[in-house]
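Please find one structure pasted underneath; my questions will follow.
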Amino acid sequence: MQMASPTPTASGDQAEDLTAFTFWVGEQMLAVPVHNVLSVTQNLADLKPTPIKGRGLLGATRYRGKPVAIYDLAAMFDIVSGGQYKTELLDILQAREQDHLDWLDALEESIRTDVPFTKARDPHQCAFGKWYDGFTTRDAAFAEILERFDEPHRQIHALADELLELKARGDTDEALYRLDIARNTVLRRLRKTFHHARVQLKESIRDVVLNLTTDGETPMVGLKIDEINDVITYPRERLLPLSDVGLPLADHSERLFNGYLSNDKGEDCLLIDPEQIIPVASE
C-alpha cells in the first residue's frame with residue numbers, strides 16, 4: 001500500500017487541520033502525520049538481526065534499496081500486541097471447546113449412573129458464556145463468526161434440563177438416544193464454529209509495517225503495527241499537549257509524542273513524532 005502525499009490546502013480553516021494516519025497497536029489507537037507515511041507493507045521475511053540493541057528494535061530490512069531499521073511499537077511501549085492477544089484467544093477458544101465436550105460427557109455419566117450433574121446449565125454461566133457475553137472485537141469477519149455461537153451454545157445447555165427430566169421419568173434410553181443425536185448435530189455445529197473462529201484468528205495474525213519518511217521519498221524507519229485504522233483529519237486546535245491531558249508518561253514516552261488528538265467522533269489517539277523514534281529507542 002503506497003501513500004500519496006496530501007495536497008496542502010490553499011487557505012481557510014482547512015489549512016489548520018491535521019491529517020493523521022491512524023492505526024492500532026494492541027488496544028491502543030495511535031497516529032502519525034499522514035505526510036510522514038511512505039507506504040504500508042506486510043513482509044518481514046528478509047528481516048536481519050543487528051548486534052545493536054534498542055527499545056523495540058527487531059532488526060533491519062531493505063526497502064527501496066535502502067537498509068531500514070524496523071521497530072516493534074508494542075515492545076517499545078511494553079503493551080500486549082494484537083498478535084499476542086489473538087494467540088491467547090486461540091488458546092481460550094480451544095479450552096472452551098474442550099469444556100463443552102467434557103460437559104456432554106458429564107451429562108452422559110449423570111444419565112447413566114445417577115451421578116449428580118454439577119456443570120452450568122445456564123449458557124451465560126459457563127466459562128465460555130461469561131467470556132462470550134463480555135467480548136467485543138473490531139474484526140467484522142470474526143464478529144460475524146461469533147454470532148453463530150449463540151444458537152448451538154444455548155441448545156447444548158438446554159439439554160441438561162431436557163435429558164435429566166427424561167431420566168427422572170424413567171426414560172433413560174430415550175435420554176441417551178437424544179444425547180447421541182445432539183452430539184452429531186448441535187455439538188457438530190458448535191465445534192465447526194469454534195474451528196472457523198480459530199481459522200479466522202490465525203489468518204488475521206500478520207506482519208504490518210508502516211514505512212515512515214521525513215522528506216516524502218526516502219525511507220527513514222519502519223514500525224511494526226497490528227492493523228490500519230483510517231486516515232482522519234483533526235482540527236488543529238484538538239491537538240493537545242500531553243500536560244493538558246494529564247497523562248503520567250515517562251520522559252522517553254513524552255518525547256515520542258507530539259500530543260493528544262481528539263475529535264467529536266471520539267477517535268482519540270496519541271500522535272507520534274517520527275523523528276523521535278530512533279532517539280527514544282536508543283535510551
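The values are calculated or read from the model by the stated rules, or taken from the named source; none is laboratory data. Please read these numbers as outputs of a predicted model, since none were measured by experiment. Please note: Cβ atoms are built from the backbone with ideal geometry, for glycine as well, and neighbour counts cover all protein chains shown.
ASP230 passes all but one of (1) exposed (fewer than 14 other Cβ atoms within 10 Å of the Cβ); (2) in contact with a strand residue (DSSP E or B) (Cβ under 8 Å, 6 or more places away or on another chain); (3) farther than 30 Å from GLU88 by Cβ; which number fails?
Among (1) exposed (fewer than 14 other Cβ atoms within 10 Å of the Cβ); (2) in contact with a strand residue (DSSP E or B) (Cβ under 8 Å, 6 or more places away or on another chain); (3) farther than 30 Å from GLU88 by Cβ, ASP230 violates only (3).
I've got another one for you. Being outside any helix (DSSP H, G or I) and either of a type outside the set (Asp, Glu) or modelled with pLDDT under 95 (or both): is that true of ALA69 here?
Considered against the rule, which asks whether it is outside any helix (DSSP H, G or I) and either of a type outside the set (Asp, Glu) or modelled with pLDDT under 95 (or both), ALA69 comes out as yes.
I'm trying to understand the selection: among the residues of segment 265-277, which are farther than 16 Å from THR22 by Cα and within 26 Å of the chain's Cα centre (by Cα)?
Passing the criteria: only ILE277.
Restricting to segment 88-142, what's the tally of residues that are among the basic types (Lys, Arg) and under 13 Å from HIS157 (Cα atoms)?
Adding up the residues that qualify gives 2.
Do any helices (runs of 4 or more DSSP H) entirely within segment 191-283 hold 3 or more residues that are more than 20 Å from ALA74 (Cβ to Cβ), and if so, which?
In segment 191-283, 242-245 are the helices (runs of 4 or more DSSP H) which contain 3 or more residues that are more than 20 Å from ALA74 (Cβ to Cβ).
Here is a list of conditions, (1) assigned to a loop (DSSP other than H, G, I, E, B); (2) within 26 Å of the chain's Cα centre (by Cα), and THR61 meets all of them except one; can you say which number that is?
For THR61, the exception is condition (1).
Moving on. Give the number of residues within segment 25-75 that are free of Cβ contacts under 8 Å to residues at least 60 places away in the same chain and more than 21 Å from GLU227 (Cα to Cα).
Total satisfying the criteria: 9.
Further question: Quick check on this structure: which one of ILE79, ILE52 is more than 20 Å from TRP24 (Cα to Cα), assigned to a loop (DSSP other than H, G, I, E, B) and of a type in the set (A, V, I, L, M)?
Being more than 20 Å from TRP24 (Cα to Cα), assigned to a loop (DSSP other than H, G, I, E, B) and of a type in the set (A, V, I, L, M) holds for just one of ILE79, ILE52, which is ILE52.
I'd like the full set of residues that are crowded, with 18+ Cβ neighbours inside 10 Å and either at pLDDT below 95 or not small (Gly, Ala, Ser) (or both), limited to segment 147-166.
If the condition is that a residue be crowded, with 18+ Cβ neighbours inside 10 Å and either at pLDDT below 95 or not small (Gly, Ala, Ser) (or both), then PHE149, PRO152, HIS153, ILE156, HIS157, LEU159, LEU163, LEU166 are the ones that fit.
Going through ARG169, ARG138, ARG96 one at a time, which residue ends up being surrounded by 16 or more Cβ atoms within 10 Å (Cβ to Cβ) and not β-branched (Val, Ile, Thr)?
It is ARG96.
How about segment 211-232: which of its residues are over 24 Å from the mean Cα position of the chain (by Cα) and either hydroxyl-bearing (Ser, Thr, Tyr) or at pLDDT 95 or above (or both)?
Within segment 211-232, THR213, THR214, THR218 qualify.
To keep it simple, each residue is scored yes or no on (1) without any contact (Cβ under 8 Å) to a residue 24 or more places away in the chain; (2) outside the structural domain of LYS86 (by TED's automatic domain parsing); (3) over 25 Å from LEU44 (Cβ atoms).
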site	(1), (2), (3)
GLY216	no, yes, no
MET220	no, yes, no
SER243	yes, yes, yes
LEU261	no, yes, yes
CYS269	no, yes, no
ILE272	no, yes, no
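Moving on to the next point. Collect the residues in segment 83-114 that are of a type in the set (S, T, N, Q) and more than 25 Å from GLN42 (Cβ to Cβ), keeping them in residue-number order.
Within segment 83-114, GLN94, GLN98, SER110, THR113 meet the criteria.
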